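Chemist: One structure, pasted below without further comment.
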Amino acid sequence: MSEPIRLAKRVAELTGCSRTEAEQYIEGGWVTVDGETIETPQHPVTTERVEIDPAAERGAVEPATLLLHKPQGVAWQDAPALATPEAHMDGDDSGVRPLKRHFHRLTPLVPLDDEASGLVVLSQDGRVWRRLSEDYAQIEQEFVVEVRGATDPYTLSRIGLVAAYRGQGLAPCKVSWQNEVRLRFAIKNVQPGELRHRCREGGLDVVSIRRLRIGRVALSKMPAGQWRYLPAGTRF
């Protein structure tokens, strides 16, 4: 039996490309070994059938950012565990090719209360991390909050103009009625538990909270528990 060699070397031999270019083919998910896609250039091969997709393109693999619809009751920090290939939303039109590496080292960004549902960002991209972490206070988020309780003409004012929470001052936020039982918030620098606090100050109890938007990126019609890719070039 022949000695095993690195998959990158075999691909380079088959295509006549450089070792670096061969690694890009492999990491891009364009190479199969006995019909199975392998994304690690150091994978050992001997007599296995190695094939390169005719549509293969070279280029460094960009870090992925996933948009997840977190269900109610799931801790925000545990959200990466929900990002599985099986939970990929049908009809994802981002143009991103799914790769196994996209599910490694995903960092959850922009906190969301455990009892809330809605949009959560999971990213491998340091640029996205810096934007959503360092500029958090300047990025507007949108929520729909279902409430119960008696209201009066000043309910919205009391909610939007709450002065402080947990000893910290609060800036005014935009709040309006979506219907008879749902409030719509547009708010910056929202803190854990703040929306419930605002509603209590308005004399209302919260039934549910759902985040619809972070900056310019919306949840849209993605079902709970599913995710899609953030298209390349999209800005929050």
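Chemist: When the chain is fully extended, how far beyond the present Cα-Cα distance does Asp205 get from Thr151, taking 0.36 nm per residue of separation?
Modeler: Details: separation 54, 0.36 × 54 = 19.44 nm, distance 1.12 nm.
Full-extension gain reported as 18.3 nm.
Chemist: Right, next: Could you tell me the calculated FRET efficiency between Arg166 and Trp76, based on Cβ-Cβ distance and R0 = 30 angstrom, to the nearest 0.05?
Modeler: Details: r = 18 Å, r/R0 = 0.61.
Efficiency, from the Cβ-Cβ distance: 0.95.
Chemist: Based on DSSP H runs of at least 4 residues, each adding -39500 (n - 2.57), what is the mean residue ellipticity at 222 nm of the chain after dividing by all its residues, to the nearest 500 deg cm²/dmol?
Modeler: Working: 5 runs with 41 residues, N = 236.
Helices in the chain give a 222 nm mean residue ellipticity of -4500 deg cm²/dmol.
Chemist: Under a plain spin-label model, where a point goes 7 Å from the Cα along Cα-to-Cβ, how far apart in nm are Ala137 and Thr47?
Modeler: 6.7 nm
Chemist: Considering only the other residues whose Cβ falls under 14 Å of the Cβ of Gly29, what net charge follows from Lys and Arg at +1 and Asp and Glu at -1? Intermediate results must be reported in sequence, preceding the final value.
Modeler: On the way: positive: Arg58, Arg97, Lys100, Arg101; negative: Glu23, Glu27, Glu36, Glu39, Glu51, Asp53, Glu57, Glu62.
Summing Lys and Arg as +1 and Asp and Glu as -1 gives -4.
Chemist: Same structure again: For segment 115-145 and segment 1-68, what is the separation of their Cα centres, given in Å?
Modeler: 34 Å
Chemist: Would you work out which of Gln124, Ala218, Gln191 lies farthest towards the positive end of the dipole of segment 65-229? Charges go on Cβ: Lys and Arg +1, Asp and Glu -1.
Modeler: The one lying farthest along the dipole's positive direction is Gln124.
Chemist: Tell me, in nm to one decimal, what length is gained between Arg182 and Arg216 on full extension, where the rule is 0.36 nm per residue of separation less the Cα-Cα distance?
Modeler: Working: separation 34, 0.36 × 34 = 12.24 nm, distance 2.19 nm.
Computed gain between Arg182 and Arg216 is 10.1 nm.
Chemist: So, one more: Starting from the 7 Å offset along Cα-to-Cβ, what nm value, one decimal, do you get for the label separation of Asp92 and Glu3?
Modeler: Label at Asp92, label at Glu3, 4.1 nm between them.
Chemist: Something else now. Ranked highest first by the average count of other Cβ atoms within 10 Å around their residues, in what order do 200-213, 73-86 fall? Numbers along the way, then the final one.
Modeler: Values: 200-213: 17.8, 73-86: 13.9.
Per-residue Cβ counts within 10 Å, averaged per peptide and sorted highest first, yield 200-213, 73-86.
Chemist: Using the alpha carbon gyration tensor of segment 5-52, what are the three equivalent-ellipsoid semi-axes (square root of 5 times each eigenvalue), largest first, in whole Å? Walk me through the numbers on the way to the answer.
Modeler: Numbers: eigenvalues 37, 26, 17 Å².
Computed over segment 5-52, the values are 14, 11, 9 Å.
Chemist: Ordered by packing density, taken as the mean number of other Cβ atoms within 10 Å over each peptide's residues, highest first, how do 114-125, 42-53 rank? Working shown, then result.
Modeler: Details: 114-125: 20.7, 42-53: 13.8.
Sorting 114-125, 42-53 by mean packing, highest first, produces 114-125, 42-53.
Chemist: Evaluate the charge dipole of the chain about its Cα centre and quote only its size in Debye, nearest 20, assuming +1 on the Cβ of each Lys and Arg and -1 on the Cβ of each Asp and Glu. If you can, show how the numbers build up before the last one.
Modeler: Numbers: 31 positive and 32 negative charges, 202 e Å.
So the dipole magnitude of the chain works out to roughly 980 debye.
Each reported figure results from applying straightforward, stated rules to the coordinates on display, with no laboratory input. Bear in mind the structure is a predicted one, so any value in this text is a computation, not a measurement. All Cβ positions, even for glycine, are placed from backbone atoms using ideal geometry, and neighbour counts span all protein chains on display.
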